[in-house]
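The values are calculated or read from the model by the stated rules, or taken from the named source; none is laboratory data. A quick note: this is a predicted structure, and the numbers were derived from the prediction, not measured. Counting neighbours? That spans all protein chains shown, and the Cβs are built from the backbone with ideal geometry, glycine included.
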Amino acid sequence: MSVSTQRRPGSLTTRLLVAQIGVAVASALTMLVVAAIVGPPLFEAHMHQAGHNSPDVLAHSQEAFSVAGTLALGIGLAIGATGAVMVSVLISRRLRRSLDDLGAAAVRISEGDFNLRVERPDSRELATLADSFNTMAGRLAGVEATRRRLLSDLAHEVRTPLASMAMCVESLEDGAIEPGPEAWQILSDQIGRISRLADDVGQVSAAEEGRLDLARRPVGAHDLAATAVLAARDGYDRKGVNLVLGPGIDPDPVIDADPVRIGQVLDNLLSNALRHTPTGGGVRVSVDADSEAVHLVISDTGEGIAEEHLARIFERFYRADSARDRDHGGTGIGLAIARAIARAHGGDVTAISGGPGAGAAFTVRLPRLARETTANLHHTR
């Protein structure tokens, strides 16, 4: 069995000092070697040119040259080492101050203080590190806010069906209602509501966190729209809402998508449109495209959306009219799922409305495949 030992990190000041002294010593040794090899021949040649050919003079001059050179190198090395110490201490103090601030901030963030930010140092590298740290802290703050809101919303959403179930059970115990089909239907509806809520939360979380499995392949956008309209037709007919599929584009624009997941997006949007469109109204599904993207548009003649609600309707559990949406059977998370799946495909879902009573239009924007791929797909059909 092997035992791993953790090395204790050395001081930053010591490391900088050793590195700079090492550079100074290496430079001095290099200069000494070069001077010892190149200096004497050059010095002797200049002495001959100056007419000093006496061996004693030459020997004395060379000795003086060597002593002077060695002394100069020694003094230079001492000055360089002293400068290295001063520079190392100065730099390490500045670095250590900034890193200590980052370390202290990291500890506070680990304790839950996600609103903490660090100041940007003068150093460009450390400023980049501080910016990255602040960005991370901001994202953690957003995640924490989402987590708290999600827990609060979940508690609120689960409380209503649980209260209905509790009342039903209490009525059964008191004999206010008989244990028959009506009571069982109430319990079954509320259990189904909680089950749908759990499934929806799991799906939107998986999509937003990048854990959604996508079986992507080239598929025609109009084919997807036609399939979704066909699946929703019965529900629309029962409510008396007219559902129309607009004409296709020739050739049908192709997207690289998971047809089941995009079908889920369209199903959620069509279900939302049906809930908010009264009997006798209409919903239209159309497909448009430009050179870069495909647009699947679901427009209705329903209740419309007030301007102050448009920016928030894709948030989890957000409802412009909570009581009305609960009566319609929505979990308040279908639009969040639709947007999360679309974004997992590199697209998005947006909404516009003229206001209450003016209907609404939801657009699913998805990246379009290159025309070469589209041509090949239509050729193989």
Q | Arg149 being modelled with pLDDT under 80, surrounded by 12 or more Cβ atoms within 10 Å (Cβ to Cβ) and either part of a loop (DSSP other than H, G, I, E, B) or in the same structural domain as Ala344 (by TED's automatic domain parsing) (or both) | A | no
Q | Failed item in (1) over 22 Å from Arg316 (Cα atoms); (2) modelled with pLDDT of 75 or more, with Gln190 passing the rest | A | (1)
Q.
Quick test for you: out of Asp256, Asp252, pick the one residue that is over 17 Å from Ala351 (Cα atoms) and at pLDDT below 90.
A. Asp252
Q. Pairs, please: C-beta under 7 Å, at least 6 apart or cross-chain, first residue of a type in the set (A, V, I, L, M) and in the range 262-280, second surrounded by fewer than 18 Cβ atoms within 10 Å (Cβ to Cβ)?
A. Leu274/Gly235; Leu274/Lys239
Q. Among the residues of the range 157-187, which ones are closer than 29 Å to Arg147 by Cα, surrounded by fewer than 17 Cβ atoms within 10 Å (Cβ to Cβ) and at pLDDT below 75?
A. Val158, Arg159, Thr160
(Q) Restricting to the range 225-244, name every residue that is hydroxyl-bearing (Ser, Thr, Tyr) and farther than 11 Å from Leu274 by Cβ. (A) Thr227
Q) Out of the range 332-353, which residues are at pLDDT below 85 and part of a loop (DSSP other than H, G, I, E, B)? A) Gly332, Ile333
**Q.** Flag if Asp131 is of a type outside the set (Val, Ile, Thr) and at pLDDT 70 or above
**A.** yes
Q. Among (1) assigned to a strand (DSSP E or B); (2) modelled with pLDDT under 90, which single condition is Leu296 missing?
A. (2)
Q. Which of (1) over 27 Å from Arg339 (Cα atoms); (2) modelled with pLDDT of 80 or more; (3) not in a loop (DSSP other than H, G, I, E, B) is the odd one out, the single condition Gly138 does not satisfy?
A. (1)
